[in-house]
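Down below is the structure, laid out as structure tokens.
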Amino acid sequence: MAIAAKGEPAGMGEVNLLAHINTIVNAQATLVDHRFLDSDLRYQQRYDAQQKALEAALLAAEKAVQAALVAAEKAVTKAELAAEKRFEAVNEFRGQLADQANTFLPRTEYDGSHKALSEKLADLASRQDRSEGNKQGGFDARTAIVGMVFLVITVVGFVVGFTGK
């Protein structure tokens with residue numbers, strides 16, 4: 001049942017057709033392989049390009065993180081220095097307050113001195129009262145004596161004036 005081509009013996013056409021089909025199938029397979037190879041090559045190139053881009057992005061991110069860490073470390077150092085300066089100023093102020101407190105008069109000493117001064121003041125006030133009383137008493141006695149002397153002179157003057165005429 002083989003069909004022979006014109007001028008070919010029977011059975012030969014089948015072989016040639018089979019060979020031709022095999023050739024076409026092989027050519028198609030080769031073409032597909034090349035396409036897959038080209039496709040694989042393109043995919044590999046894309047993958048490699050993406051890997052490089054990813055590595056570059058990671059490297060850039062790492063550099064950015066390092067720069068941020070350095071900046072943060074500098075900021076922390078500056079903040080620590082500022083805090084130290086503030087604490088030094090606060091400690092200096094505390095020292096000044098302590099020195100000033102040491103120069104203040106203690107409460108017990110003040111109370112004792114105040115009590116002694118109050119007693120002296122009360123003593124002086126009583127002395128002054130007595131002194132003023134003595135002066136007032138002396139003034140009153142002198143006034144009474146002078147008044148009596150004038151009274152005696154007046155009485156003597158009246159007696160002499162009435163009797164001597």
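The values are calculated or read from the model by the stated rules, or taken from the named source; none is laboratory data. In this text the structure is predicted, and so the values were computed from the model without any measurement. Positions of Cβ are backbone-derived with ideal geometry, glycine not excepted, and every protein chain shown enters the neighbour counts.
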Practice task
Only residues that are at pLDDT 85 or above and aromatic (F, W, Y): list them for segment 111-158, please.
Solution key: F150
Problem - Any chance D99 is surrounded by 10 or more Cβ atoms within 10 Å (Cβ to Cβ) and at pLDDT 85 or above - result: no
Exercise for the section: Might you let me know whether segment 6-21 holds any residue that is charged (D, E, K, R) and at pLDDT 85 or above? Expected result: no
Exercise for the section: All but one of (1) exposed (fewer than 10 other Cβ atoms within 10 Å of the Cβ); (2) within 59 Å of the chain's Cα centre (by Cα) hold for T163, so report the exception by its number. Expected result: (2)
Problem - Boolean, D123 is part of a helix (DSSP H, G or I) and loosely packed, with under 10 Cβ neighbours inside 10 Å - result: no
